[in-house]
Every structure is written in C-alpha cells, then in structure tokens.
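Reviewing the structure listed below.
The values are calculated or read from the model by the stated rules, or taken from the named source; none is laboratory data. Just so you know, these numbers come straight off a predicted model, no measurement behind them. Cβ: placed from backbone, ideal geometry, glycine included. Neighbour counts: every protein chain shown. We work out accessible area using only protein heavy atoms, side chains counted, and drop any ligands, DNA or RNA first. Shrake-Rupley method; radii C 1.70, N 1.55, O 1.52, S 1.80 Å.
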Amino acid sequence: MTQGRERLIGHAIMLVLAACATLPTLALLLLAFTPGDAGGAGVSLPHKLTLDNFRSAWNAGTGMAGYLAISASITAIVVAATVVLSTLAGYALGTMRFPGSRIISTTFLFGVIMPVEGTIIPIFYDLRSVHLDGTVWAVILAQTALMVGFGTFWMRAAFRSMPSALIDAARLDGASHIRVLRTILLPLARPSLLALVALVLTWTWNEFLLALVLLASTTADLRTAPLALGLFQSQESVDINGLAAAAVVVAIVPIAAFLALQRHFVQGLTTGATVE
C-alpha cells in the first residue's frame with residue numbers, strides 16, 4: 001500500500017470519527033432551537049428557530065441561575081483545592097526520595113484507577129456519620145478526595161520530567177523547597193497545571209452520580225446544574241426541547257474553559273506523559 005493511499009484512508013477514518021462526534025452535538029443544538037410543538041417527531045429541520053426553550057430552561061424549578069451558581073461554587077473550590085494539594089504532593093513524590101515514597105505513589109495510583117461507583121456507598125456513610133450528607137460540602141470534600149489522586153499522579157509525572165540539575169543547583173544555593181517549587185518548577189509546569197485545571201473543572205462540573213447520592217436528602221432547591229436536567233422529566237413524558245436547551249446551557253462552562261486553555265492543553269498532556 002502506497003503512502004498516499006494510507007494517508008487517504010487515515011483521513012477518511014478521521015472524517016468518520018469527527019462526524020460521529022459532531023452529529024449528536026448538532027442534533028442537540030437543533031432540538032434546543034426547535035419549537036416545543038415541533039420536537040416530538042424526532043430531529044428534523046424546523047420551519048423556524050426559537051429561544052423559548054432556553055427561557056423555559058432558565059426558569060425551570062427555582063431558576064437555572066441558582067443551579068449554575070451551586071455548580072460554579074463547588075467546581076471553583078474543588079479545582080483550587082485539587083491543584084494546591086496535587087502540586088504539593090506531586091512535588092514531594094516527584095523530586096524527593098524518602099522511606100515509603102513508592103508505597104504512597106502506588107496508593108495515589110489506586111485512587112486513579114478506582115471507579116467512583118465502587119466508592120460512592122462508603123463515601124456516603126462516612127459523610128453521613130459527620131452530618132455532612134445533604135450539603136454542598138459533602139460534594140466538595142468527596143470530589144476533591146477523588147480528584148487529588150489523579151492530580152498528584154499528574155503533577156508527579158510533570159515534575160519528574162524536569163531536569164534534576166535545576167533543583168540541585170537551587171538547593172546548593174540555599175533555596176528552600178517552597179522557593180524551588182514557586183520560582184523554578186511551577187513556571188515550567190504551567191502547561192501541566194492549566195491542563196489539570198481544565199480536566200478537573202470539566203469532570204467536577206459534569207459530575208452527576210456523586211451529587212445525586214450526596215444531595216438526595218435535600219430539597220429540590222439544592223441541586224447542581226447536571227442534576228437540574230432532571231426537572232425536564234416526569235413520570236408521563238420528557239420535555240426533549242427544554243432538556244436540550246438546558247443541556248446546552250450547562251455545557252457552556254466546560255466548553256468555554258477548554259477553549260480558553262486549549263493552547264496549553266496538548267502541551268500539558270505531553271509534558272506529564274512520562275512516568276517512572
């Protein structure tokens with residue numbers, strides 16, 4: 001097979017994969033702008049476009065603005081806590097050698113590979129024992145604990161990929177660990193940090209199961225944005241157009257974050273791609 005034919009086949013496969021990823025998004029947007037009385041027969045080109053579905057989604061329940069604010073608060077705290085804790089732990093495990101460091105690194109790795117579904121019940125009972133179930137702090141603490149394992153593994157790989165001579169030279173000059181981290185390693189790890197922010201923000205914002213279980217005992221007013229999508233479903237029917245509009249509103253934040261950080265995202269992925 002010639003090189004030109006291989007390239008053609010590769011481009012054809014990429015086009016098929018791109019279409020598989022793009023068509024559902026286009027269908028969702030089409031439903032969001034389709035009048036409610038025209039959306040029941042499936043996805044088709046509407047005779048007119050409307051913003052009524054977005055108005056209905058924004059006013060659903062106690063108001064989509066309140067649900068978005070709850071999600072934004074949870075996400076901001078989880079991202080900040082995860083980045084700080086992961087950076088400190090990643091620096092220690094990536095640049096220092098001390099007894100038990102490999103065991104600690106392996107423990108964090110187990111936190112990465114353990115699915116949320118396998119830990120949700122113990123997390124619920126642990127938080128209920130300290131009377132935090134049904135509060136946003138339950139979601140914040142649980143989500144941070146789940147994210148720190150991945151973040152530590154990510155930042156450890158980023159710090160281990162940096163030249164050790166820089167750290168040794170700074171230590172010989174009398175620099176403390178905090179100064180080495182702040183003035184030397186963090187500027188070099190900026191792409192990895194921003195990529196970590198984008199990933200944790202997206203995962204935390206879109207988290208559904210954890211919020212559903214930990215906030216199940218609260219009133220309908222205390223919901224995250226993904227949980228608010230359930231307002232468009234009843235026992236008799238589902239408001240497809242309103243659900244599509246609400247899904248578009250909820251998806252704006254992670255999409256905007258990714259677009260803002262996309263320049264650093266690929267570089268951050270490759271920087272932290274090698275581990276011992």
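Which value, in Å², gives the accessible area per residue of the chain when a 1.4 Å probe is used on the protein heavy atoms?
The answer is 57 Å² per residue.
For labels at A27 and N206 in the simple 7 Å Cα→Cβ model, what's the distance in nm?
1.7
Can you give me the distance in nm between label points at Q3 and L259, each placed 7 Å from the Cα along the Cα-to-Cβ direction?
Label-label distance for Q3 and L259, simple model: 3.8 nm.
Can you give the calculated 222 nm mean residue ellipticity of the chain, where each DSSP H run of n ≥ 4 adds -39,500 (n - 2.57) and the sum is split over every residue, rounded to the nearest 500 deg cm²/dmol?
Values: 11 runs with 185 residues, N = 276.
Value at 222 nm, helices only: -22500 deg cm²/dmol.
What is the helix-to-structure angle for 190-206, meaning the angle in degrees between its Cα long axis and the longest Cα principal axis of the chain, kept from 0 to 90 and rounded to the nearest 10?
Long axis of 190-206 versus the principal axis of the chain: about 40 degrees.
What do you get for the angle between helix 101-113 and the principal long axis of the chain? Use alpha-carbon atoms, 0 to 90 degrees, nearest ten.
10
What does the net charge come to around V250 if you take all other residues with beta carbon closer than 13 Å to its beta carbon, with K and R at +1 and D and E at -1?
0
Please sort 189-200, 99-110 by packing, taking for each peptide the average over its residues of neighbouring beta carbons within 10 angstrom, highest first. Could the numbers behind the result be given before it?
On the way: 189-200: 22.2, 99-110: 12.2.
In decreasing order of mean packing, 189-200, 99-110 become 189-200, 99-110.
The list [x] 1.23; [y] 1.17; [z] 1.11 gives values of Cα Rg over 2.2 N^0.38 Å, and only one came from this structure; which label was calculated from it?
[x]
Could you grab the relative contact order for the chain? Cα pairs under 8 Å, six or more apart, rounded to a whole percent.
Once normalised by length, the contact order is 30 percent.
Determine, for each peptide in 180-187, 115-122, the mean count of other beta carbons within 10 angstrom over its residues, then list the peptides with the highest first.
Answer by packing, highest mean first, reads 180-187, 115-122.
Rounded to the nearest 10 degrees, what's the angle between the helix 64-95 long axis and the longest principal axis of the chain, both from Cα atoms, 0 to 90?
That works out to roughly 20 degrees.
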